[in-house]
Structures are given as C-alpha cells and as structure tokens.
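First the structure, in the form of structure tokens, and then the observations on it.
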Amino acid sequence: MKKEADSKELPNTAAFQDEFTRSLLDSPEEVEDGHYLFESKTGGYSMLWPKNAVTDGPPFYQRTKDSFEKIIFMKQMKKEIIDIHLVVHIQHMAKV
C-alpha cells in the first residue's frame with residue numbers, strides 16, 4: 001500500500017503536484033532519471049511515468065475492475081522557446 005507523503009516532501013514535478021496523477025503513482029522516488037513507477041491497477045503491466053506528465057479522471061483515466069484500464073496523459077516539454085505537448089494514450093485489456 002502506498003504511503004502518503006507529506007506535501008512538503010513531494011517532488012516539485014507536474015506528476016506529483018497534480019493530485020489525481022499523484023494518486024496513481026507508487027512512490028515519490030524516481031525509479032529512473034525523470035520517471036516514477038506506475039503499476040497498473042489491473043495488475044497487467046507497469047511503466048515509467050514521466051515526471052512532467054499529468055492525467056485527469058474520466059474520460060482520461062478509466063478502469064473496469066481487473067479487465068480494462070485506459071490512460072491518456074499529457075507531457076509538457078520545453079524545446080527552445082516552443083512548448084510541446086505530447087499526448088500518450090495507453091489502453092490495456094486483460095483476458096478474463
């Protein structure tokens with residue numbers, strides 16, 4: 001079970017400053033440079049979550065018990081003066 005970190009201990013990253021996104025992540029500790037661990041609530045997969053990526057509740061995050069999970073998240077990157085928004089859509093359906 002996740003330990004809720006005191007707000008003073010949270011990383012100053014988009015992922016942990018967003019309450020909903022933070023609720024999906026396992027720990028405020030980076031598992032790889034610039035990434036946190038996201039373990040699917042279906043138990044079917046895990047992935048690295050970029051520190052600058054956020055998501056919101058439905059329709060961007062949906063889950064049906066252990067058989068279906070859908071995540072759409074947005075990662076904000078700065079390249080020179082231009083802001084680039086990368087939207088990633090991940091969908092997992094388990095065979096039941």
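What the table below lists for this structure:
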{"item": "Stokes-Einstein D in µm²/s, Kirkwood radius over Cα pairs - region 13-69 at 25 °C with 0.890 mPa s viscosity", "result": "211 µm²/s"}
{"item": "Loop chymotrypsin sites (Phe, Trp or Tyr not before Pro), region 32-78, which have at most 14 other Cβ atoms in a 10 Å radius of their Cβ (DSSP)", "result": "Tyr45"}
{"item": "Residue order for Leu24, Leu37, Leu48 - accessible surface, 1.4 angstrom probe, largest first", "result": "Leu48, Leu37, Leu24"}
{"item": "Gain in span if fully extended, Gln17 to Leu48, counting 0.36 nm per residue against the direct Cα distance", "result": "9.4 nm"}
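The values are calculated or read from the model by the stated rules, or taken from the named source; none is laboratory data. These figures come from a predicted structure and were not determined experimentally. All Cβ positions, glycine included, derive from the backbone under ideal geometry; neighbour counts span all protein chains shown. Heavy atoms of the whole protein, side chains included, go into the accessibility calculation; ligands, DNA and RNA do not. Shrake-Rupley method; radii C 1.70, N 1.55, O 1.52, S 1.80 Å.
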